[in-house]
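Chemist: Below you will find the structure I want to go over with you.
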């Protein structure tokens, strides 16, 4: 069963929400955050990327930077830029991209569920990134940014959300930077909130879609607080962390692509000939070619696009990891041909989210910065769930969810 609870959200007043709301901390650089927050003292970047309040080049992991986050969080509350709700409640958060809307419930998920594996993950986390977010949670005593969960969709929850969104949203704005619309409803009815809790108790598990490091950090800090409290009861706020939970049938995973600096000493002809050992290679010309099915890849090299289709026998349809296109391409192209052994650390490779389009791959290669680009067909939600359910872990840089959650719509305090 999925244990969730409502919470007293800390939120911006309606007239400030567009100025406060920001992109997540990990999708932009310090300099990009500095530019986006320029002239805007209300921006949440002052809390989630507080290095922008120091001279350019300041180490974002410096202790004074974390302390500045807490100082700014307190200042936002003192000035009334963030205000806490008086009673515990759930919220509905809707995101619209390219005319398509997904509706999530903002809840507090259980630290215990995370620690026992009832909240399932599909990616490995890095300890340094965990520690960074743990410091941020500790110093603010809050989950300032939500994590992104999926759950097996249920008609009863869909019906509750459908009833809520008939009313005027508390927030409704379109982000200027990307044109995505964000709507937010506060569920005031205590009976409906109780129904949501009861329905989630019937859901066997939830899945981390995006935010593995934030989830780990939030749960680990919650567990720390439990161990440090001799009078621990189990109902303290630190036993929970903030998540936006979307039904799995509403989510869309887009492609996550690769660019590589060189051909590992091969000529272009040698490289293409090696590809033909495991792939059917078709030249597509100068017009952008996008993979059209599972096991079909797009390659850009020397002003030409190619279709690569994995030959039968090069993958295992009965292996939840082996069937993934990211596994096929990592093993048969990046490792075997290009000599890329560790995708997490090798500086010869970079990863580009599909939201930037395949034109970004072409641009990176045409500039001379990269030599070759590889585009993949996106992973499905079914594949993600199958992998999580079987206890497997996806290779790095496999999934890209879009739109990203906007930070600053609501915050969960751990007291």
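The values are calculated or read from the model by the stated rules, or taken from the named source; none is laboratory data. Nothing here was measured: the structure is a model prediction, and the numbers come from that model. We place every Cβ from the backbone using ideal geometry, glycine too, and count neighbours over all the protein chains shown.
Chemist: With the structure loaded, tell me whether residue 131 is in contact with a helix residue (DSSP H, G or I) (Cβ under 9 Å, 6 or more places away or on another chain), surrounded by fewer than 19 Cβ atoms within 10 Å (Cβ to Cβ) and more than 20 Å from residue 400 (Cβ to Cβ) or whether it fails that test.
Modeler: yes
Chemist: Take the range 238-288 and flag every residue that is free of Cβ contacts under 8 Å to residues at least 60 places away in the same chain and not in a strand (DSSP E or B).
Modeler: 265, 267, 268, 269, 270, 272, 273, 276, 277, 278, 286, 287 - these are the residues of the range 238-288 that are free of Cβ contacts under 8 Å to residues at least 60 places away in the same chain and not in a strand (DSSP E or B).
Chemist: Right, next: Considering only the range 361-400, how many residues are modelled with pLDDT of 95 or more and assigned to a helix (DSSP H, G or I)?
Modeler: 6
Okay, residues lined up against (1) over 22 Å from residue 248 (Cα atoms); (2) surrounded by fewer than 17 Cβ atoms within 10 Å (Cβ to Cβ):
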{"residue": "327", "(1), (2)": "yes, no"}
{"residue": "348", "(1), (2)": "yes, yes"}
{"residue": "359", "(1), (2)": "yes, yes"}
{"residue": "366", "(1), (2)": "yes, yes"}
{"residue": "371", "(1), (2)": "yes, no"}
{"residue": "376", "(1), (2)": "no, no"}
{"residue": "386", "(1), (2)": "no, yes"}
{"residue": "394", "(1), (2)": "no, no"}
{"residue": "403", "(1), (2)": "no, no"}
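Chemist: Suppose we keep only residues that are in contact (Cβ under 8 Å) with a residue 12 or more places away in the chain and in a helix (DSSP H, G or I) within the range 292-332. Which one would you say is farthest from residue 398 (Cα to Cα)?
Modeler: 332
Chemist: So, of the residues in the range 251-270 that are crowded, with 18+ Cβ neighbours inside 10 Å and under 17 Å from residue 97 (Cα atoms), which turns out to be modelled with the highest pLDDT?
Modeler: My answer is 251.
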